[in-house]
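Single-structure report; data block below.
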Amino acid sequence: MEGFSGTRCNPVHPVPMADPFLLKWNGAYYAFATGPAPDGRIFPVLHSTDLVHWTPLGGALEPLADPAARDYWAPEVIYLNGTFYLYYAVVAFGRDHHIRVATSHHPAGPYRDAGVDLTGSRHPWAIDPHPFQDEDGSLYLFYTVEFWNGERIGSGNVVDRLVDPFTLAGDPREVTRPCAEWQEFMRARAEKGGVDWYTVEGPCVLRRGRRYYQLYSGGNYGRANYGLGYAVADHPLGPWTPWVPPGETEPGKVLRTRSPLLFGPGHNSVAPGPDNVELYCCYHAWQPDRTGRRMCLDRIHWHGDRLYIEGPTLGPAELPRQPWLRELGPIAVASTHPLPAPLPPEALVEVNLCAQESDTAQAGVALAPGVEVLVDYRRGELTGPTGTGFTCPLPAGFRKDAFHQLLLHIQAGGAEVWLDRRLLGRFPLPGPLPGPWALVSRGGCTLFAGITVTAHLRLSDPLYLAASDDGPACRLLGTALPDYEVQMELRLAGPGAVAGLCAWRPVSTEQGGGPEALALLQRRQDRWYLATVVQDASGTPDWQYDPLPLDWDPGAVHHLRAVKTGRSLAVYLDGTFWRLRNLPEAALGPGRCGPVALAGEASVLRFERTGIGPAAAPSGKPGGGSGQGQADR
């Protein structure tokens, strides 16, 4: 098993990496950047297994046959059924910037151009391609073009459907065009005919539930006004609506310059962390030496439907969370390969599998003896455990000799199943899994890689809490864990409500009355506070109150987050680090957590708890905060 060491600090690598794109494949990471590489190829590539330590791998793309080709920009890669497709922009073959695609059978390359110009017949200038695969398998290409009409003239983003990896449908739709003053690139820009030029570029799309979020970059990439905004939609083809911060009238930034030590952040990509729960925003930023834009990483969070980013962070920050189990492999399996320990009752499981022999009939996982989820190559379907009746056909052209990702989210008596980022459905499970679990291959050998198990509970339905004359209302959720991160979104019902998070309670005193730690929203003497209380084994509580801003709105949805590692509890509210508390010695053992109301009523709209592997526990001051009541957000 692989652990983590060291600290995470921006920038994450000393070599300039402009327009960084981060690909996670088989549990490892590959970062691509604009420009030439030292080995004569194009687009330098870095490799990492932990998002902390990075190794250069050389260049990704073989240069084009045109010796006059220049300005190779913004590579992005998508993996589909055994082939890696690299989309990029270039000036070549007598044409201004246009978008091309290259292919490889290895994530780091070498990639060779496929001889296809995707945009030249429709757009005289196009850059910053971003391929996106939706949950149903449909493909889209987002990219940047010029808009010469409207209130603000400049570049903006569009989207078109990919019929196949080499062909656009030919019906581009507007996504985001210049819409705010902070997106100014240059006044009276001479090379554009002397007009005031605005820039929106670098689209990056992710899906959360039924909503789509397009992060975009705006402003002048060489100045401090450069930053990230985002737009939302209910379908990849739109319509898209730019996010406007509360109380403002123009679309705003979700990532901006906060220090001259790291300025002009932008042109991002997004990838899951090692535990498959955390999301990281990978972007570039300048340092005072201005010798190049360097790659940075900061975590993405959610506040209701609002996306926000912890960054740009300066100095040592929290390490990426480590899952409970991580085996990068590859592991060759010819029958059954047991894995250590039973699965947690609530778990996110990833395996990547590739048949090595033509006779291989089935491959997958046994979640417990007799409870199998298998890719059946002969029947051309994915099958769930016996008795569930769950089957799904494999996509047309499914290659058994290519790696495919199988992702299972196990909780609440069932499992959600994904294959190659496609959501296939959900099947029931017969109660807690007794273990052990195993990798399975029948009829021949199969390679397994990027095996990850994370203890992860996600509440699917809202909760309503009401304290009564009989006492507080508390719902402890999920199995007991030694270390974890818990986050919830809640809304208080009136000024008399005192509610929040029971962030830790040991198994021995789950009914209350013993050691525990709470993070509460409470009104005292006409002022709202974040109250944290730690109670030791004797039942003596230690209360600490942090005053909230005078305009803090108790009727809004608020985001509470706590990170419990050993005897330490870090508490965050609405993206800001507020308080670090020491816990009693009993906290070294497993504990549970959940929403609580000491008085009045509250609604819990979202609740998630994720286990932390022991080597990923943060040390020192928690990341994302620069002290009580302050944070580099």
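Here are a few things to note about the model shown:
- Fully extending the segment from Ile331 to Ala412 would add 26.1 nm, taking 0.36 nm per residue of separation and subtracting the current Cα-Cα distance.
- Charge sum, other residues only, whose C-beta stays under 14 Å from Arg161's C-beta, Lys/Arg counted +1 and Asp/Glu -1: -3
- A Förster distance of 41 Å, applied to the separation of the beta-carbon atoms of Asp305 and Thr479, puts the FRET efficiency at 0.90.
- Segment 435-452 - phi-based ³J(HN,Hα) in whole Hz, Karplus 6.51/-1.76/1.60, Gly and Pro as x: x, x, 10, 7, 8, 10, 9, 10, x, x, 8, 10, 8, 10, 8, x, 8, 9
- The chain, relative contact order in percent, only Cα pairs under 8 angstrom and at least six apart counted: 11
- Scalar couplings 3J(HN,Hα) for segment 166-180, obtained by applying the Karplus form with A = 6.51, B = -1.76, C = 1.60 to θ = phi - 60°, are 10, 9, 8, 5, x, 10, x, 10, 5, 10, 9, 10, x, 9, 7 Hz; x denotes Gly and Pro.
- Charged side chains reduced to their Cβ positions (Lys and Arg at +1, Asp and Glu at -1) give the chain a dipole of some 420 debye around its Cα centre.
- Debye log10 I(q)/I(0) at q = 0.26 Å⁻¹ for segment 378-427, Cα point scatterers: -1.11
- Bridgeable aspartates and glutamates around Lys400 (alpha carbons under 14 Å apart, same-chain partners fewer than 8 residues away excluded): Glu357, Asp359, Asp376, Glu381, Asp420.
- Per residue accessible area of segment 329-458, 1.4 Å probe, in Å²: 39
- Positive-end extreme of charge dipole, the chain - chosen from His404, Val351, Leu64 (charges on Cβ): Leu64
- Taking only protein heavy atoms and a 1.4 Å probe, the accessible area of the chain is 51% carbon and sulfur.
- Solvent-accessible surface of segment 199-251, taken per residue with a 1.4 Å probe and all protein chains present: 39 Å².
- Sparsely packed loop sites in segment 307-343 (the GluC sites (Glu not before Pro) outside DSSP H, G, I, E and B with at most 14 other Cβ atoms within 10 Å) do not occur.
- Leu325 long-range amide H proximity, modeled H, under 5 Å: Val453
- For Asn10, the amide hydrogen comes within under 5 Å of the amide hydrogens of Gly315, counting only partners 5 or more places away or on other chains and with H modelled in the peptide plane.
- Summed residue charge, Cβ within 10 Å of Asp536's Cβ, Lys/Arg positive, Asp/Glu negative: -3
- Cβ-Cβ FRET estimate between Glu250 and Ala556, R0 fixed at 22 Å, reported to 0.05: 0.55
- Around Asp359: net Lys/Arg minus Asp/Glu count, Cβ-Cβ under 12 Å: +2
- Residue-wise HN-Hα coupling along segment 573-580, computed from phi with Karplus coefficients 6.51, -1.76, 1.60 (Hz; x: Gly, Pro): 9, 6, x, 10, 6, 10, 7, 10
- Modelled label positions at Asp66 and Gln525, each set 7 Å beyond Cα in the direction of Cβ, lie 7.2 nm from each other.
- Overall, segment 503-612 carries a charge dipole of about 220 debye about its Cα centre when +1 sits on the Cβ of Lys and Arg and -1 on the Cβ of Asp and Glu, all other atoms neutral.
The values are calculated or read from the model by the stated rules, or taken from the named source; none is laboratory data. These figures come from a predicted structure and were not determined experimentally. As a convention, Cβ positions derive from the backbone with ideal geometry for all residues, glycine included, and neighbour counts pool all protein chains shown. For accessibility, only protein heavy atoms count, side chains too; no ligands or nucleic acids. Shrake-Rupley method; radii C 1.70, N 1.55, O 1.52, S 1.80 Å.
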